[in-house]
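Values quoted throughout were computed directly from the atomic coordinates according to the rules given, and no laboratory measurement underlies them. Source: prediction; values computed, not measured. FYI the Cβ positions are ideal-geometry reconstructions off the backbone, even for glycines, and counts take in every protein chain you see.
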Amino acid sequence: MKITVAELRVLCDKLFSHLDANGKTSIDIEQDYYWFVPAELRYSPYQEPKTLTLGQLTDDWRELSKIIDGQADPVNYALVWLSSVLRIIGEKTPG
């Protein structure tokens, strides 16, 4: 599978426009901690993860907010933080 950044940009814009059109201009997130499966095990379906760690949405958002505010430069790993935030939004927002 090959995905272009342009495709991701179009997709994100459509999904965010969909949220706006449905009146979802902000999302309240009550959950904070989540199970994090290490990358080397996450994509290995024949090996059951035995070591899980905890991630924290408030930590992820704090790091992303630094990028938003210009206090930190964008880094590729920020996509991992963003994915955690987007996952909970997708799970909490029907439609």
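Close amide H contacts of Ala72 (hydrogens built in the peptide plane, cut-off under 5 Å, sequence separation of 5 or more or a different chain): Ile67. A viscosity of 1.567 mPa s and a temperature of 4 °C, combined with the Kirkwood radius over C-alpha pairs in the Stokes-Einstein formula, give the chain a diffusion coefficient of 84 µm²/s. Dipole magnitude for the chain: about 280 debye, using +1 per Lys or Arg Cβ and -1 per Asp or Glu Cβ, origin at the Cα centre. Only DSSP H runs of four or more residues enter the estimate; each adds -39500 (n - 2.57), and after division by the residues of the chain the mean residue ellipticity at 222 nm equals -15500 deg cm²/dmol.
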